[in-house]
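Trainee: This is the structure, below, for whatever I ask next.
FYI, it's all coordinate maths here, none of it is from the lab. The model shown is predicted, which means the values in this text are computed figures rather than measured ones. Every residue, glycine as well, gets a Cβ built from its backbone with ideal geometry; the counts of neighbours run over all protein chains shown.
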Amino acid sequence: MIPARAGTFGLSAPGVLLALFGFASLLAPFMTLAANRIVEGKGLTAWQLAGPEVIYPGLLSIIIGLILGLFSSWPRVRLAGAVLGLAGLFWLLSQSAPQLLQGAGEYARVSPGLGFWCLLAVLILLMADALTQLSPRPMTRLGLLLTIVTVLFILLGSGALSDLSIMKEYASRQGAFYNAALRHLGLAFGSLAAATVIGIPLGILCYHHAGLRRIALPILSFLQTIPSLAMFGIMIPLLGWIASTVPAAKAIGIAGVGFAPAFLALLLYSLLPVVANMVSGLQSAPESVRDAARGMGMTLMQRLFRVELPLGLPVILAGLRIALVQNIGLAVIAGLIGGGGFGTFVFQGLNQTATDLILLGALPTVALALTAAIVMDVLVEVTQPSQSAQHTQGMPRKPS
Amino acid sequence: MKKNAIKWSTIVRVLLVVLLISLVVMPTWFSWAFQPFAPEKGPIIYERASLLSLSLSHLGLVALASIVATLVAVSLAILVTRPLGTAFLPLSRTITNMGQTFPPVAVLALAVPALGFGTGPTLVALFLYGLLPIFENAITGFSTLPPATMEAARGLGLSRWQRLIRVEIPLALPVILTGVRLSVVIALGTATIGSTVAAKTLGEVIIAGLLTNNTAYVLQGGLIVGLFAVLIYDALVQLEGLLLARYSISND
Amino acid sequence: MIEIDKISKLYDGVAAVDEVSMTVDTATITVIVGTSGSGKTTLLRMINRLVEPTSGEVRINGKSTHSVSKTDLRRRIGYAIQGHGLFPHYTVARNIAIVPTLLGWSSEKIDDRVDELLSLFALEPDQYRDRFPAELSGGQLQRVGVARALASRPDLLLMDEPFGALDPIIRAQAQIDLRRIQQTLGSTIMLVTHDMEEAMQLGDRVAVMDQGRLVQYGTPAEIIQNPATEFVANMVGGVDRSLRLLSLFPVSEFVEDGSAEGESVEANTSLRDALSICLWTGRDALPVVQDGSLLGRVTLDAIRKRAAIS
């Protein structure tokens, strides 16, 4: 990868592109100031935000950060540049918000604007590009992620951002937010757990019986194809019927709307990645190895636990990764059928045309999905037998 | 044995297509089936907009977004797999990897603050999200061409442009098509949710059902969207199979 | 002693192995040789029941292989295959220890056995014990594969193209090694190969298979002197080597008086080309011409003789 980026004068081509885009974004409104939470705000560029004591340090770190990102042969400097830029970005955001709100009226709201979001994306991409260049070991990546998450929590907890509109939305629904978060995690991880409990034995059966495999896998991929809203919708009458005919089902909380149909829909969607990757994981042991294992007199179970599962683990985990990331995203739809989760805020926000409420639902979902993806990727890589260069097999991921 | 299997799947396909068309064009034929799910004395068949026009608008949205996404994504993939663009390859991989962990619903929801409500933002969201799987697959397709074939193409004196048009694109086509299929399936689903941001799609029927507690609507909308998705997915799979079969014969 | 008694394997009514009977003496190497599809691998795999015979029976030291469970049977029979089949996630030592572990040996006994085998295969135990297969060369992998198959001191060692993945240069050394080790340990080995030279070199006895049938079974000398069928003769003839030799000689050196029918060949045509013309056109002799005048003829017999001398 490194020779590819040795541009002229040691300039990194992606770095140049990102810097250009970053500088252009500085011209876009960095924040918006609105009279209340519903109306459209007025855009303010970075230098209109506050006094020079706030603007200069902020702008300077962003500009220096972008420039540091240009040097292709110094990935560490590029990484530092990205961190510096991000610091400047959040400095501007946190310092200018209270100044903007002063005298703007009781219901006034400030929000990050297009410029902020673009710069955020540019700097994150710069960071990712520098990290790709450095190709850190899995554990280092995990450490980095942990650092970023910690910094983010400190930033949010410190109250430095509490003047932002989205944080006000949060403040007025703190309880609901935690419930939604718990429900979202419960839906995503719970359905994944159920899919694992069903999918792993099913995958093992499919691996051993070609006939079952030929029936089960196409059915599961067709299930995967059904648009989520339709799937969630179809679950409603189905579970409603079960609840009304089986009293015991109703007693344990199965009902037409709410958690149960969302859970079941997510479970059905996760089965394909779990089962398909289970099968290809088990098949990933080389033919000669499987033959040798049989020839040495290993029983079916011994072969499974000592050979096929350990060798297939990375592929099997990759399946769980796809299912988990997919579930986190799809759990948003649960908000439409009363299943709770962050989707509740997204759809409430869409109803009220309250942008920040939409963000309050969407941003944590995105953050959760990214975190889950990074953690699972690390897991996949760690279980990769370092000796043999196997690569993970991706399964088509599920849509929406 | 095999002949029978082909016949069976064809019969099932034809039946599903007929069912789908009649559900869309003559929904009242199915009143009896949806009756038990409708609230007492409530409407059974969705009539605020014709199911046909919703279907056409839904499919049109998906088709437009997917066609534009395919053109853009394949062009970008061609760019980053040329010597000039290789510097951008790692970055573009990072973007596609990160981008695909973004839930499509979130992309749709985030398009609203940026672009407002309606069909426009939905189209943009479908397009943006649709780029990723096509781009990813196109890169794979262009970077895993058989080296012997490429060497032969150079040896035969084909120019860069000729190699691209006559060799690389046709050979990468099945892989690209897989990406297009993924992208279309995602778009069909996301467009359904698009009706929460006021796009005119079949999702409207389901949402209306959810809002008025009319399960008959939910079931109708769900059934039609589900059938469209499954049939379109199946058609694209068949198309890929056809292409692959043709290549493997011509390679012999 | 291993007795194979009228063993057959049918796939969809077609015999992959057709009523093969043979007896293998203890402490010998028996090589089963044949072209691909001759049924040689199926025959081998029926001995440890990786393939279940349709009919017939295999007895090891008088006991039917069906009198014990498949897994017990296989643990008593060593098995080494082409491409070694080492577990990539196990170290060398753990790979060798697989069957002893399955048999419940104590760990000291296993460790001793691993070191003993590594030394026997000229792999310094301290250096190789903890390596992973991916860190070994092709020749080392093959040796570890055989060591693993011998780990539990099996009554019988089955080898399926064990040298197939090796470089020709290492292959010769590997064959010599196997011979040495077999003599040291007194093992009974049944080995499958498609390479007649390998069969001749390694086998105390050689079994030639063709289309599922055992066409000849004897010592290498018997097979060379009295090939039972044309097929065996062809295989023994070292077809490749003599063809290469034939291409060195022009027909002019083998012209004899007499006439022959059909199109003539030039005097500088190689014997190899002449042979192929004979076989292609189905003639026993070809007229030979030089500068437009007839020199005589070259016969198929003469070409064959030349090939045989080599």
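Trainee: Excluding same-chain residues fewer than 8 positions from C:K6, which aspartates and glutamates have a Cα within less than 18 Å of its Cα?
Mentor: C:D18, C:E19, C:D25, C:E52, C:E57, C:D210
Trainee: A further question on this structure: Considering only C-alpha atoms, what is the centroid distance from segment B:89-165 to segment B:1-70, in Å?
Mentor: About 30 Å separates the Cα centre of segment B:89-165 from the one of segment B:1-70.
Trainee: Measure nothing fancy, just the Cα-based angle from helix A:343-352's long axis to the longest principal axis of chain A, in degrees from 0 to 90, nearest 10.
Mentor: Taking the Cα atoms of chain A, the angle to A:343-352 is about 50 degrees.
Trainee: While we're looking at this one, here's another question. Just tell me the longest site-free run in chain C, where the sites are GluC sites (Glu not before Pro) in a DSSP loop having at most 12 other beta-carbon atoms within 10 Å.
Mentor: On the way: sites that count: C:E261, C:E263.
Longest site-free region, per DSSP loop and neighbour criteria: C:1-260.
Trainee: Among B:P121, B:P83, B:P43, which one shows the biggest mean-square fluctuation in a GNM of chain B, springs joining Cα atoms closer than 10 Å?
Mentor: B:P83
Trainee: Using the alpha-carbon centroid of each, what span in Å lies between segment A:18-80 and segment C:247-305?
Mentor: 90 Å
Trainee: Sticking with this structure for a sec: Out of all DSSP beta bridges in chain A, what portion is antiparallel? Express it as a percent rounded to 5.
Mentor: Values: 8 of 9 bridges.
In chain A, approximately 90 percent of DSSP beta bridges are antiparallel ones.
Trainee: Could you tell me how many cubic angstrom of Cα convex hull volume segment A:174-383 has per residue? Working shown, then result.
Mentor: Details: hull volume 28.7 nm³, N = 210.
Dividing the Cα hull volume of segment A:174-383 by its residues yields 137 Å³.
Trainee: State which stretch of chain B is the longest one without any exposed GluC sites (Glu not before Pro), exposure meaning a DSSP loop state and at most 14 other Cβ atoms within 10 Å.
Mentor: Working: sites that count: B:E40, B:E47.
Longest run free of exposed loop sites: B:48-252.
Trainee: I've got another one for you. For segment B:7-99, run through the trypsin sites (Lys or Arg not before Pro) and keep only the ones in DSSP coil with at most 13 other Cβ atoms within 10 Å of their Cβ. Don't skip to the end; give the middle numbers.
Mentor: On the way: sites: B:K7, B:R13, B:K41, B:R48, B:R93; in loops: B:K41, B:R48.
Qualifying residues, ordered by number: B:K41, B:R48.
Trainee: Here's another thing I want to ask about it. Quick one: give the max-minus-min coordinate of the C-alpha atoms of chain B along each principal axis, largest first, in Å.
Mentor: 75, 55, 24
Trainee: Give the residue from A:G65, A:A276, A:V39 lying farthest towards the positive end of the charge dipole for the protein assembly as shown; charges sit on Cβ (+1 for Lys and Arg, -1 for Asp and Glu) and the dipole is referred to the Cα centre.
Mentor: A:V39
Trainee: Taking 7 Å along the Cα-to-C-beta vector as the label spot, tell me the A:L27-B:A114 distance in nanometres, rounded to one decimal.
Mentor: 1.9 nm
Trainee: Using the alpha-carbon atoms, what tilt in degrees (0 to 90, nearest 10) does helix C:271-281 show relative to the longest principal axis of chain C?
Mentor: Taking Cα atoms only, the helix is inclined about 80 degrees.
Trainee: Enumerate the helices in chain B for which the Kyte-Doolittle hydropathy averages 0.5 or more and the C-alpha atoms extend at least 20 Å along the helix's axis, using complete DSSP H runs. Show your work: numbers first, answer last.
Mentor: Values: long enough: B:2-25 (35 Å, 1.52); B:51-80 (42 Å, 2.29); B:119-143 (36 Å, 1.14); B:169-194 (35 Å, 1.82); B:215-250 (52 Å, 1.34).
Both cut-offs are met by B:2-25, B:51-80, B:119-143, B:169-194, B:215-250.
Trainee: Taking the beta-carbon count within 10 Å as an exposure proxy, list B:I207, A:I124, B:I11 from fewest neighbours to most.
Mentor: On the way: B:I207 22, A:I124 17, B:I11 10.
Ordered from fewest to most neighbouring Cβ atoms within 10 Å, B:I207, A:I124, B:I11 come out as B:I11, A:I124, B:I207.
Trainee: A 31 angstrom limit on the alpha carbon distance is what I want to check against. Which of C:K9/C:K109; C:K40/C:K63; A:K168/A:K250 exceed it? Don't skip to the answer; put the middle values down first.
Mentor: Values: C:K9/C:K109 39 Å; C:K40/C:K63 23 Å; A:K168/A:K250 38 Å.
Pairs exceeding 31 Å: C:K9/C:K109; A:K168/A:K250.
Trainee: How large is Rg/Rh for the protein assembly as shown, to two decimals, with Cα atoms and a Kirkwood Rh?
Mentor: Numbers: Rg = 36.0 Å, Rh = 33.6 Å.
We get a ratio of 1.07 for the protein assembly as shown.
Trainee: Expressed as a whole number of Å, what is the distance separating the alpha-carbon centroids of segment A:100-143 and segment B:186-235?
Mentor: Cα centroid to Cα centroid, the span is 35 Å.
Trainee: Would you calculate a helix-derived [θ] at 222 nm for chain C, using -39,500 (n - 2.57) for each DSSP H run of n ≥ 4 and dividing by the full residue count, to the nearest 500? List each step's numbers first, then the result.
Mentor: Details: 14 runs with 123 residues, N = 310.
Result for chain C, helices only: -11000 deg cm²/dmol.
Trainee: Among DSSP beta bridges lying fully in chain C, give the percent that are antiparallel, nearest 5. Numbers along the way, then the final one.
Mentor: Working: 27 of 48 bridges.
Antiparallel bridges: around 55 percent, rounded to the nearest 5.
Trainee: May I ask you to list the residues of segment A:111-151 whose amide nitrogen lies under 20 Å from a point 7 Å from Cα along the Cα→beta-carbon direction of A:E40?
Mentor: Only A:111-118 fall inside the zone, counting backbone N under 20 Å.
Trainee: Any idea what % of Cα-Cα pairs in chain C are farther than 36 Å?
Mentor: 33 percent
Trainee: Continuing with the same structure: For chain A, find the longest principal axis of its Cα atoms and tell me its angle to the long axis of helix A:114-134, 0 to 90°, nearest 10.
Mentor: 50 degrees
Trainee: I would also like to ask the following. Taking chain A on its own, what percent of its Cα-Cα pair distances exceed 31 Å? It would help to have the intermediate numbers written out before the result.
Mentor: On the way: 40760 of 79800 pairs.
Result for the distance tail: 51 percent.
Trainee: While we're here: For chain A, the longest stretch holding no GluC sites (Glu not before Pro) located in a DSSP loop with at most 12 other Cβ atoms within 10 Å is which? Mind showing how you got there, number by number?
Mentor: Numbers: sites that count: A:E40, A:E106.
It works out to A:107-400.
Trainee: So how do A:L92, B:L173 line up by other beta-carbon neighbours within 10 Å, fewest first? Write down the numbers at each step before the final one.
Mentor: Working: A:L92 26, B:L173 18.
Listing A:L92, B:L173 from fewest to most nearby Cβ atoms yields B:L173, A:L92.
Trainee: Continuing with this model, one more query. In which sequence would B:T70, C:T26, A:T383 go, from the one with the fewest C-beta neighbours within 10 Å to the one with the most? Please report the intermediate quantities before stating the final value.
Mentor: Numbers: B:T70 21, C:T26 12, A:T383 18.
Arranged by neighbour count, lowest to highest, B:T70, C:T26, A:T383 become C:T26, A:T383, B:T70.
Trainee: Quickly work out the C:I170-to-B:L59 label distance, labels modelled 7 Å from Cα along the C-beta direction, and quote it in nm with one decimal.
Mentor: Label at B:L59, label at C:I170, 6.0 nm between them.
Trainee: Also, I was wondering about something else. If you build a Gaussian network model of chain A, linking Cα atoms that sit under 10 Å apart, which residue out of A:G190, A:G361, A:G175 swings the most?
Mentor: A:G175
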